[in-house]
Amino acid sequence: MFAKKKYPYSYRAYGLNILSQLPVTGFEPASFETADVHIHKGPVPENLGNIINQGVLYQSNESEFLLRMENVGAYYVRNGNEIIVQPTNTASTGEVSAFLTGTSFGALMHQKKLLPLHASTVIFKEKCLVIAGISGAGKTTLAAALIKAGGTLVADDVSVIDFSGEKPAVHPAFPTIKIWEDSLKHLDINITDLEPVRGELKKYYLPVNKFNHIYTAISHIYILNTHNRPELEIKSLQGVDKFRILKKHTYFFRGIPKTGLEKNHFILANKLAVKTPITLLTRPNREFNTEKIVKAISENL
Amino acid sequence: MDDLKKIVWLASYPKSGNTWFRVFITALLHPEEPSVDINNMHPATIASSRQLFDELAGVPSADLTPSEIRNLRPFVYRRNALESEEIIYQKVHDVYALLPNGQTLFPADITRAVMYFIRNPLDVAVSFSHHLSAPIDKTISIMNNPDYAFCQRIDRLHNQLQQNLFTWSGHIKSWVDDSGLPVMVIRYEDMHKDPLKAFSGALAFIGLKKDQKEIETAVEQASFSNLKKQEEEKGFSEKSPGSDSFFRKGIVGDWKNVLSKEQVKRIVDAHGDMMKRFGYDVDV
């Protein structure tokens, strides 16, 4: 019972058992014997002692990651099994969770030597489809459209590849997506009662009840792109282009170079590239006709 | 390069010759490539690129508020300067701005120079209306609207970050008068009349030494007919989806064939002072 007192929240996400001192918006509650990751609330170091990679808001090395968000809080991720969060007084649970479930867990996956892709994953017509793409390409909206058309969610925005079986799969992440009001309207989904990701943004946490917990090997990786032409273009990738595109769409790849994780990433991305068909799906940037894309994917399966 | 002053801002109101100059500079710096590829310019991104921001900040801008993004942008550009081993020619359509956090959007300590491109607003109105796929009257209202910005909806994710444009005159004022940065103004019309002279002047200002032959070759590669031909053959990724082409006519004075008297008056009434200052005829 000691653990329950110290860690009031327990979740399962990305194939990991997580004990937490803070509530995490979006994660699925679970009970288990041993935890893989502990989330603590407490003070976070000012700087890392050994900075190998850094950006404006983060510092990292092979086993540590530090993120500072002025209005939300600071996050310190280490050894692939611990996250310390120091929230600001004004930040909501939803706000604190946004940088925990995405960015912090993305960094933790690298520390665990796993392969996180910047992708959403859906089981559609019994096929596991990974939809990768840059921010704004429409991964989440397309995933939501596929779910509406009968699919089930595996992961939104960060898809962690599971190499434990014969074929690569995706670890079920958690049954929530972060989606913009414009997309909710487009998909005819009611906004009432949805929790906003940030107070100022019209972007919401949407709980998804059709969530897949079962190991399902990846059938296809789609790279969602946009162009300024009116047609939807579908092009299959081969050879080294497959590796290159997986590298480009690796979540938080910037934290990897010059560390021991670089070689590990190379091996995993190659393994995935060899075993999985990858197709470029380029849509017109002027309009996002999800029905047309869902139809094209159905025909391409 | 020890000096952090690595960024040359290629700043302008839209449709004023910015892309033309970028093609020229790309051709000039990459003579090893047989011909400049308009779909592969260096750098490929605009300052308001969401990818550039996400990459250098380390968190997705999709989870940040507009004010957080604005306040972080100068740090993103500083990071970019810090990591770059060469001069960055960075296209930008935002106005120059002082931010609530006391920073300036385009910091002086990383700025090598500003090339500010100006074009007669009467021609800008025609070209910009094609770009926006909007009627001329609406385009003029945009050019006269101090609150106009690209990508400002907060209910969806734009492919670029919000860019405040102010009015056509306000845009110029922000960079040329208020920024305090080393600015060279280049008129589209002068690039058109004598590209060799205009581009050579810009290189001298930036402090980039190239011989006459290299400049001539780059000018030739960046000629309007070459750009238009490339776009016809392969398309251009920076064309707006609603317009027929990015490189449309590339001429000076097309407004005479397009604008009504009332439309000309609306522009001259709003921007006459700035037009006169940069040598554009207002008695039309």
Point to revise | Number of the condition not met by A:PHE99 [criteria: (1) under 16 Å from the mean Cα position of the chain (by Cα); (2) within 14 Å of chain B (Cβ to nearest Cβ); (3) surrounded by 23 or more Cβ atoms within 10 Å (Cβ to Cβ); (4) touching a residue at least 60 places away in the same chain (Cβ under 8 Å)] | key: (4)
Check your understanding: In region A:133-150, how many are more than 14 Å from chain B (Cβ to nearest Cβ) and not in a helix (DSSP H, G or I)?
Key -> 2
Review point. Within 14 Å of chain A (Cβ to nearest Cβ) and of a type outside the set (Lys, Arg): does that describe B:PHE224?
Key: no
Check your understanding: What number of residues within region B:176-205 satisfy the criterion of being surrounded by 18 or more Cβ atoms within 10 Å (Cβ to Cβ) and more than 26 Å from B:VAL95 (Cβ to Cβ)?
Key -> 1
Practice item. Give me a count of the residues in region A:157-186 that are within 13 Å of chain B (Cβ to nearest Cβ) and either assigned to a loop (DSSP other than H, G, I, E, B) or acidic (Asp, Glu) (or both). Key: 3
Practice item. Quick one: in region B:252-269, of everything that is part of a helix (DSSP H, G or I) and either within 14 Å of chain A (Cβ to nearest Cβ) or among the aliphatic types (A, V, I, L, M) (or both), which residue is surrounded by the fewest Cβ atoms within 10 Å (Cβ to Cβ)? Key: B:VAL258
Review point. So which residues in region B:229-251 are surrounded by 14 or more Cβ atoms within 10 Å (Cβ to Cβ), of a type in the set (D, E, K, R) and within 14 Å of chain A (Cβ to nearest Cβ), if there are any at all?
Key: B:GLU231, B:GLU238, B:LYS239
Check your understanding: What residue, among those in region B:68-108 that are crowded, with 20+ Cβ neighbours inside 10 Å and part of a loop (DSSP other than H, G, I, E, B), is farthest from the other protein chains (Cβ to nearest Cβ)?
Key -> B:VAL95
Revision key, fill the gap. Across (1) more than 11 Å from chain A (Cβ to nearest Cβ); (2) surrounded by fewer than 19 Cβ atoms within 10 Å (Cβ to Cβ), B:THR65 clears everything bar (1)
Study note, to complete from the structure: Of the candidates A:PHE32, A:PHE65, the one satisfying the condition of being part of a loop (DSSP other than H, G, I, E, B) and more than 25 Å from A:TYR204 (Cα to Cα) is A:PHE32
Exercise for review: Answer yes or no as to whether A:THR121 is touching a Cys at 6+ places or on another chain (Cβ under 7 Å) and away from chain B (no Cβ under 14 Å).
Suggested key: yes
Practice item. Name every residue in region B:127-141 that is among the aliphatic types (A, V, I, L, M) and within 17 Å of the chain's Cα centre (by Cα), in order of residue number. Key: B:LEU132
Practice item. Can you tell me which residue among B:LYS249, B:LYS209, B:LYS276 is basic (Lys, Arg), over 16 Å from B:ILE136 (Cβ atoms) and in a loop (DSSP other than H, G, I, E, B)? Key: B:LYS209
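FYI, it's all coordinate maths here, none of it is from the lab. In this text, all values refer to a predicted model and were calculated from it rather than measured experimentally. Methodologically, a virtual Cβ is constructed for each residue, glycine included, from the backbone with ideal geometry; neighbour enumeration extends over all protein chains shown.
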